[in-house]
Amino acid sequence: MAAHPPPEAESRMPAEPAVSQARPAFSRRDVWRGLALGVLLTTTGCNVTDATARGAPDSLAPLVKKVLPAVVNIAVTETVSGSDIASELPPELRDTPLGREFRRRFNNRRQQVAGAGSGFIIDPSGIIVTNNHVVGHAEKIVVSLADGRQLPARVIGHDELTDVAVIKVEGTSGLPAVTWGDSRRVEVGDWIMAAGNPFGLGGSVTVGIISAQGRDLGSGPFDNFLQLDAPINPGNSGGPVFNMDGQVIGVSSVIVSPTGASVGIGFAIPSETVSRIVSQLLAKGSIERGWLGVSVEDRDNTVIIATLDRNGPAAKAGIRPGDQVVAVNGEPIDSSRGLIRAVAAERPGSSVRLTIRRAGRQMDIGVNVGRRPTEQAG
């Protein structure tokens, strides 16, 4: 489903990387986006261990000392065209004399822009998790460690649909690392601590609580964000969100703001999602997702098959329009998003058992899962 713009001037999108100190305070793209949308930045984490909810300690200093050495700053450089920059003009300026003059001057130019985000080390060999929107188009990546070292890094793999990326720094070992917590065990009201590199200032932490779960921002089929009330600002993208045991239960990715700075509403990708994506990226460098070849809709608290790809896996298995999907492999399904996520988590070529209700009768149908078209070669 396509995302709808928020009311009035409020924007909702991935944060733009803050500009590195070696560059002017903001690139033209940053300025236009700030004028147009007012916005963004944040995301990720993974490797799961159990943890129970705890109250906040009298001081967070011991927790900060434990985890902050594994949090890094990520500086990137990429080349953008003038047409890309012009496309970021606010709609209200595009057909004005100012907008036309801007396009005339910059449409045929190319320039390098610098940006920055955050990340965290999950393996002492230098494996780092961050957001795809931080490094997905980078031509050069430099990671700054907590001890002051600056090291080149390369992308191991990235996934646009979940905004997760994995990079690796070269020429070092024995780095401090953090572990995954289980985001499925967190509750609204649990204390959390977010770490990152807001506005390019260096390693910082903020504290708050989880204020909501399962948020769908309309940015993609796998939206399932944790909502945080800890201040999250541009530059925090890719930074870890910790529980009070120092385990990563989320990755900062998005803020909602009319100004571009934190107004107290941030969103993190749950570790349940990130850890699974990271494992696949480390193993294969890419993500393969299951696919049924159906479109679905939510109707009266049920999930209904609306249409089918006639050559898709579901049609070949005998699924029909109007069927109500009750469960996947025995796990109840109560929303179209839940069905999409459940099927996407299956390996293409595997078989799943769909429990459906048709004409008042419940039945199980086996389906050989296909590969999502966006992941198919060619």
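Summary table
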read-out	value
Of residues in region 342-364 being part of a loop (DSSP other than H, G, I, E, B) and of a type in the set (D, E, K, R), the one nearest to residue 329 (Cα to Cα)	346
Qualifying residue in region 282-296 (condition: modelled with pLDDT of 90 or more, more than 24 Å from the chain's Cα centre (by Cα) and not in a strand (DSSP E or B))	yes
Residue list for region 343-362, filter: more than 18 Å from residue 306 (Cα to Cα) and small (Gly, Ala, Ser)	344, 345, 349, 350, 351
Residue 299 in contact (Cβ under 8 Å) with a residue 24 or more places away in the chain and either outside the structural domain of residue 246 (by TED's automatic domain parsing) or closer than 30 Å to residue 122 by Cβ (or both)	no
Hits in region 318-332 (condition: closer than 20 Å to residue 349 by Cβ and buried (at least 18 other Cβ atoms within 10 Å of the Cβ))	319, 328
Residue tally, condition under 12 Å from the mean Cα position of the chain (by Cα), of a type in the set (S, T, N, Q) and modelled with pLDDT under 75, over region 218-262	1
Every residue from region 320-341 that is in contact (Cβ under 8 Å) with a residue 12 or more places away in the chain and in a strand (DSSP E or B)	324, 325, 326, 327, 328
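The values are calculated or read from the model by the stated rules, or taken from the named source; none is laboratory data. These numbers come from a predicted model, not from an experiment. Note that each Cβ is placed from the backbone with ideal geometry, even for glycine, and that neighbours are counted across all protein chains shown.
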